[in-house]
Amino acid sequence: MNATLPTAEVLRATLAGLLDELPPKKAAQAVDRLIANYRGTTPTDAPVLRDRSDVAAYAAYRMPATFEAVRSALAALREAAPDWTPATHTDIGGGTGAASWAVAGAWEGPRTTVLDWAEPALALGRELAGLSGVPALRAAEWRRARIGADLALAPADLITVSYVLKELTADARTALVDAAAAAAQAVVVVEPGTPDGYARIIEARDRLIAAGLGVAAPCPHSGACPIEPGTDWCHFAARVSRSSLHRQVKGGSLPYEDEKFSYVVATRFPAEPVGARITRKPQIRKGQVLLDLCTRDEALRRTTVTKRHGELYRAARDIAWGDAWPPGADA
């Protein structure tokens, strides 16, 4: 990957420079309100971000985590379709552009259009993109649009829908996913790694499959999810480095946090899902590693890798939650 493409460090530095103008106390107050909305269960048909203070607080609070979650989903897409490169990208409900930063970091040159109904978010996103030094981001189009059942989408190679479905009514979610499926060659949907976030992902996954797309990730197959509804949920974690500004706004002290997220990637072109996906943090015991897997035969199972497995055991000790198993294998 081109070293000049966006990284988490570039994003944090750009955010820090732009958000110096916002008093920390005001940012913390806005974050408190946004957290309450983020964790709530009531859909809204109005923008969550009302003004620049809200948007700046949101960018500090959520943008690095959203970037890492989407980047993880895009890495799974690149793993399943290494020879595919999107020329066009639409970021639905993109807000300040975290998903667009992730796309610009995964491929060089996609033409991006960011759609959002909050003009203050679009304005700040445009400003951040202009400061990024990345040609694809600086050339992105930021367009105000009502995100819901009546959204008209132009054809695009890639459509991302990250942390948006929760804000919509059930009918609007259905219409939006159907519209994305009809317009895109690849659709990436990311939601919080909570039981209700996973439920929205499963709902989107079912509709994408019904529209003729195949699941490229994280699932090893396009069959029914083997998790019995209500018993568990599929989610993953992305490590997010936290800047001093980020820690100040969120009231934390650790230099990092883990963003829990659920996602689905579906494509209209051939893609090769992994043979098995690690669905929980590996448990390292003395002389063995326990791995929880979702497998290509549409089953969940636990496998134990011991020292007698040699290289495979060494690989298991370094494997991460969400990775393919075994490493480098596609079957």
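With contacts taken as Cα pairs under 8 Å and at least 6 residues apart, segment 67-212 reaches a relative contact order of 22 percent.
Accessible area per residue, 1.4 Å probe, Å², for segment 113-270: what's the number? Here the residues of segment 113-270 average 41 Å² of exposed surface. Between the alpha-carbon centres of segment 276-297 and segment 53-105 there is a gap of 27 Å. Okay, which of segment 122-157 sit inside 17 Å, backbone N to the point 7 Å along the Cα-Cβ direction of residue 7? Under 17 Å, as judged by backbone N against the label point of residue 7, lie 132-135 of segment 122-157.
Computed 3J(HN,Hα) for segment 108-115, one whole-Hz value per residue from the Karplus formula 6.51 cos²θ - 1.76 cosθ + 1.60 where θ = phi - 60°, is 8, x, x, 7, 9, 10, 9, 10, glycine and proline marked x.
Rounded to the nearest whole Hz, the Karplus-based 3J(HN,Hα) values (6.51 cos²θ - 1.76 cosθ + 1.60, θ = phi - 60°) of segment 64-70 follow the sequence x, 5, 4, 3, 5, 5, 5, with x at glycine and proline.
In this simple spin-label model, placing a label point 7 Å from the Cα along the Cα-to-Cβ direction at both residue 239 and residue 174 gives a separation of 4.3 nm.
When a/c reaches 1.5 or more, the comparison of a/b and b/c decides; with that in mind, is segment 148-192 rounded, prolate or oblate per its Cα gyration tensor? Oblate, because a/c is 1.5 or more while a/b does not exceed b/c. All other residues whose Cβ lies under 12 angstrom from that of residue 143 are scored, Lys and Arg at +1 and Asp and Glu at -1, for a net of -1.
Between the amide H of residue 276 and those of 325, distances stay under 5 Å, these residues lying 5 or more places away or on another chain, with hydrogens modeled in the peptide plane.
Calculated translational diffusion coefficient of segment 118-199 (25 °C, 0.890 mPa s; Stokes-Einstein with Kirkwood radius over alpha-carbon pairs) equals 173 µm²/s.
Summarising the label geometry, the points placed 7 Å from Cα in the beta-carbon direction at residue 272 and residue 222 lie 1.8 nm from one another.
The values are calculated or read from the model by the stated rules, or taken from the named source; none is laboratory data. Here the structure is a predicted model, which is why all the values come from computation and not from measurement. Positions of Cβ are backbone-derived with ideal geometry, glycine not excepted, and every protein chain shown enters the neighbour counts. Areas reflect the complete protein model, heavy atoms only, side chains present, ligands, DNA and RNA absent. Shrake-Rupley method; radii C 1.70, N 1.55, O 1.52, S 1.80 Å.
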